[in-house]
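**Q** One structure is given below, represented as structure tokens, and several questions about it will come after.
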Amino acid sequence: VQLQASGGGLVQAGGSLRLSCAASGRTFSNYIMGWFRQAPGKEREFVAAIRWIGGSTIYADSVKDRFAISRDSVKNTVYLQMNRLKPEDTAVYYCAADRVSTLATSRAGAYYYWGQGTLVTVSS
């Protein structure tokens, strides 16, 4: 399984970015795809997740109403649309995948497959 994250960059506060996570190597129909982030000196934290089948989503409170996660089953790609970005959103963003139970969706330790991370920097 390979997860390739891309789309990070430098943006001003209030701006938008869209991250992509291209997945390959297996069928992900029973999987949950998640986005996590890690700021310097901080622990990795949950951002959002989507169930591949059905498309149900869950968000961290800090990004709810600003970020949107989606997936394209044809392209095997998961997206994270980030709007109204804030300096505190600055972090390396990672995509992750696994057959995770609903209760464990926001736990980084529940995911086995991880992408390499893409840096998002939001300037004030």
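Read-outs: derived from the displayed coordinates by stated rules, not from any lab. These numbers were taken from a predicted model, which means no experiment stands behind them. Neighbour counts run over all protein chains shown; Cβ positions are idealised from the backbone, glycine included.
**Q** Would you compute, for the Cα atoms of the chain, the largest minus smallest coordinate along each principal axis and list the three values in descending order, in whole Å?
**A** Each principal axis gives a Cα extent; for the chain these are 40, 27, 25 Å.
**Q** Ranked from highest to lowest mean number of other Cβ atoms within 10 Å per residue, what is the order of the peptides 52-64, 16-28, 92-104?
**A** The most tightly packed comes first, giving 92-104, 16-28, 52-64.
**Q** Same structure again: Can you list the lysines whose alpha carbon is less than 24 Å from that of K86, not counting same-chain residues fewer than 8 positions off?
**A** K42, K64
**Q** On to the next question. Which FRET efficiency value, to the nearest 0.05, do you get for A104 and Q12 by plugging their Cβ-Cβ distance into 1/(1 + (r/R0)^6) with R0 = 25 Å?
**A** 0.10
**Q** Can you tell me the FRET efficiency between T27 and S123 if r is taken as the Cβ-Cβ distance and R0 is 41 Å, rounded to the nearest 0.05?
**A** Numbers: r = 40 Å, r/R0 = 0.98.
E(calc), rounded to 0.05, equals 0.55.
**Q** Around T77, what is the net charge, scoring Lys/Arg as +1 and Asp/Glu as -1 over all other residues with Cβ under 15 Å from its Cβ?
**A** With Lys, Arg at +1 and Asp, Glu at -1, the neighbours total +3.
**Q** Next up: Could you give each residue of the range 117-124 its phi-based ³J(HN,Hα) in whole Hz, using Karplus coefficients 6.51, -1.76, 1.60 with θ = phi - 60°, and x for Gly or Pro?
**A** x, 9, 7, 10, 10, 10, 8, 8
**Q** Taking the Cα centre of the chain as the origin, how large is its charge dipole in debye, to the nearest 20, when only Lys and Arg (+1) and Asp and Glu (-1) carry charge on their Cβ atoms? Spell out each step's value before the answer.
**A** Details: 14 positive and 8 negative charges, 38 e Å.
It works out to roughly 180 debye.
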